[in-house]
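Worksheet for the structure shown next.
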Amino acid sequence: MTLLNGSTYPRVTEILKITDTAEGNGVYLMQIKIQFAEDTEPEEVEYISRPGNPHGVDPKLRQWLSENPDAPVHAYEPPAAPTPEEARAAMPPLTARQLRLGLFSNGIALSQVQATLDAMPAGADRDKAQIEWEHATTFNRTHPLIASVSAALGLSDEQIDAMWVAAVDL
């Protein structure tokens with residue numbers, strides 16, 4: 001698109017793409033090339049432009065937009081919903097206290113967890129699991145110990161997810 005001229009820095013040298021945002025109301029996500037100093041090359045950056053913002057390069061961008069009303073504005077596309085695995089990875093960690101209270105609140109005795117660990121084949125994996133269970137101060141939803149204990153207890157991923165979300169507030 002047309003270059004923006006100006007003698008001060010930073011200076012927008014090119015507008016690459018304009019996309020509407022979830023905010024609407026003339027708020028745009030703009031991919032621009034901006035030069036920060038005379039002796040530097042322009043850098044491609046994303047910039048949020050809001051109507052009435054008097055700071056930075058926004059006044060120049062808004063002036064350019066008003067002078068180029070036919071500039072294509074791409075429609076806003078909401079981000080795709082996360083996959084179940086991505087959602088689990090984004091869940092906050094639980095403290096050992098929250099995890100144990102969450103299990104208790106759902107009718108799972110700590111002795112059941114211990115029996116699951118005791119039933120593992122003797123060796124390094126069982127020893128590591130026991131150390132995690134006894135000494136970890138926090139637990140992540142995607143930790144292998146959570147998956148193996150929940151499978152041994154016959155709990156689905158969805159059940160664990162619901163228990164996890166509820167335990168965050170304990």
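Structure data summary
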{"item": "For the chain, share of DSSP beta bridges that run antiparallel, in % to the nearest 5", "result": "95 percent"}
{"item": "Residues whose placed amide H lies under 5 Å from that of GLN35, excluding near-sequence neighbours", "result": "ARG11, VAL12, THR13, GLU43"}
{"item": "Whole-Hz ³J(HN,Hα) from phi, Karplus 6.51 cos²θ - 1.76 cosθ + 1.60, for the range 84-92, glycine and proline x", "result": "x, 5, 5, 5, 5, 5, 8, 5, x"}
{"item": "Accessible surface of the chain, 1.4 Å probe, proportion on carbon and sulfur as whole %", "result": "55 percent"}
{"item": "Helix-only mean residue ellipticity at 222 nm for the chain, each DSSP H run of n ≥ 4 adding -39500 (n - 2.57), per residue, nearest 500", "result": "-11500 deg cm²/dmol"}
{"item": "Cα pair count fraction exceeding 26 Å, expressed as % - the chain", "result": "54 percent"}
{"item": "Net charge of Cβ neighbours under 9 Å - reference ILE160; Lys, Arg +1; Asp, Glu -1", "result": "-1"}
{"item": "Compactness of the range 101-170 - radius of gyration and Dmax, Cα, Å", "result": "11.8, 36"}
{"item": "Lys, Arg +1 and Asp, Glu -1 on Cβ, resulting dipole of the range 52-170 about Cα centre, debye, nearest 20", "result": "320 debye"}
{"item": "FRET E, pair THR21, ALA166, Förster distance 45 Å, beta-carbon r, rounded to 0.05", "result": "0.85"}
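The values are calculated or read from the model by the stated rules, or taken from the named source; none is laboratory data. As the structure is a computational prediction, the values presented were derived from the model and not from experiment. Virtual Cβ from ideal backbone geometry, glycine too; neighbours counted across all protein chains shown. The accessibility values were calculated without ligands, DNA or RNA, using every heavy atom of the protein model including side chains. Shrake-Rupley method; radii C 1.70, N 1.55, O 1.52, S 1.80 Å.
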